[in-house]
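**Student:** The structure that follows is given in the form of structure tokens.
The values are calculated or read from the model by the stated rules, or taken from the named source; none is laboratory data. Since this is a predicted model, take the numbers as computed values, not measurements. Cβ sites come from the backbone with ideal geometry, for glycine too, and all protein chains shown count toward neighbours. Areas reflect the complete protein model, heavy atoms only, side chains present, ligands, DNA and RNA absent. Shrake-Rupley method; radii C 1.70, N 1.55, O 1.52, S 1.80 Å.
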Amino acid sequence: MKPGAFSTKAWQDNLTLYETIRTMPFNEELAAGTLSKARFTQYIVQDAHYLIGFGRALAIAAAKAPHPDQIVQFSKGAEVAIVVERSLHGSFFDDFGITQDMFETTPVSPGCSHYVSYLLATAWSEPYEVVLAALLPCFWIYAEIGRDIHARASENNPYQAWIDTYAGEEFHDAVRAMIATTDAAAAAASANNLARMHFSYRRATQLEYMFWDSAYRLEDWPV
């Protein structure tokens, strides 16, 4: 497989899904600055829950990595997910009046639970390259959505700090590294594992949509 072949095909095969995410009501209203406080609060609390699970999945990827450089890459990624992102979310918690007790007593939503469960099940049970394909959409889609929203965000947008984070060059550096590592793993993958990589990439992309949509709908457990 040529360098970059996996990521190029994965992006093209799921371009319609990406467009659905880019233009969904949550992101349209976030860009316009009209997203309700209740919906953003739901999102940011669930995202804080999600990042704990995402950090665990990255740590498992580090344990499965065949080379020391990738062990370091994913160990640092897990640290960023837990420590740095928690700091960012902490500022949002302060801005939107979310206390630590409110966060800890808010149940993980069905959409968040589904996504985290999928990532952890994949991380534990699938080969290294399939794990990377499942983790990649969270990096890549956030980066592209961040840049897209940044380009069309309203002035004095109340969510500008979120927009700036995911449109920023530091985050995009991490995304480029993740794409390169996933492509390198794909280049050595068997035909069967390559097919599983494409499946896991698509499923995680679908779950990205479901996560944002669940926040917009203020999703809760029905029983």
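**Student:** Take residues that are of a type in the set (A, V, I, L, M, F, W, C) and surrounded by 16 or more Cβ atoms within 10 Å (Cβ to Cβ) and tell me which of the helices (runs of 4 or more DSSP H) falling wholly in region 68-134 contain 2 or more.
**Tutor:** Result: 68-79, 85-95, 110-125.
**Student:** Right, something else. Within region 160-181, does at least one residue satisfy the condition of being more than 20 Å from A81 (Cβ to Cβ) and not acidic (D, E)?
**Tutor:** Yes, region 160-181 contains at least one residue that is more than 20 Å from A81 (Cβ to Cβ) and not acidic (D, E).
**Student:** Specify the residue that is surrounded by the fewest Cβ atoms within 10 Å (Cβ to Cβ); the eligible residues are those in region 1-28 that are more than 30 Å from A184 (Cβ to Cβ) and without any contact (Cβ under 8 Å) to a residue 24 or more places away in the chain.
**Tutor:** Looking at residues that are more than 30 Å from A184 (Cβ to Cβ) and without any contact (Cβ under 8 Å) to a residue 24 or more places away in the chain, I get T23.
**Student:** For A184, are the conditions met, namely being more than 14 Å from the chain's Cα centre (by Cα) and open to solvent by less than 70 Å² (accessible area, probe 1.4 Å)?
**Tutor:** yes
**Student:** Continuing with this model, one more query. Within region 15-67, track down each residue that is touching a helix residue (DSSP H, G or I) at 6+ places or on another chain (Cβ under 9 Å) and in a loop (DSSP other than H, G, I, E, B).
**Tutor:** M24, G33, T34, L35, S36, A65, P66 - these are the residues of region 15-67 that are touching a helix residue (DSSP H, G or I) at 6+ places or on another chain (Cβ under 9 Å) and in a loop (DSSP other than H, G, I, E, B).
**Student:** I've got another one for you. If D148 satisfies every condition in (1) more than 21 Å from E29 (Cβ to Cβ); (2) in a helix (DSSP H, G or I) but one, which is the exception?
**Tutor:** In the conditions (1) more than 21 Å from E29 (Cβ to Cβ); (2) in a helix (DSSP H, G or I), D148 misses (1) alone.
**Student:** On to the next question. Residue by residue through region 3-14, note down the ones that are part of a helix (DSSP H, G or I) and either under 18 Å from the mean Cα position of the chain (by Cα) or among the aliphatic types (A, V, I, L, M) (or both).
**Tutor:** A5, S7, A10, W11
**Student:** Considering region 194-212 alone, what residues qualify as being open to solvent by 30 Å² or more (accessible area, probe 1.4 Å), within 14 Å of the chain's Cα centre (by Cα) and not polar (S, T, N, Q)? Reasoning before the result, please.
**Tutor:** Step one: of region 194-212, the residues open to solvent by 30 Å² or more (accessible area, probe 1.4 Å) are 194-196, 198-199, 202-203, 206, 209-210.
Now drop any that are not within 14 Å of the chain's Cα centre (by Cα), which leaves 202-203, 206, 209-210.
Scanning region 194-212 gives R202, R203, Y209, M210.
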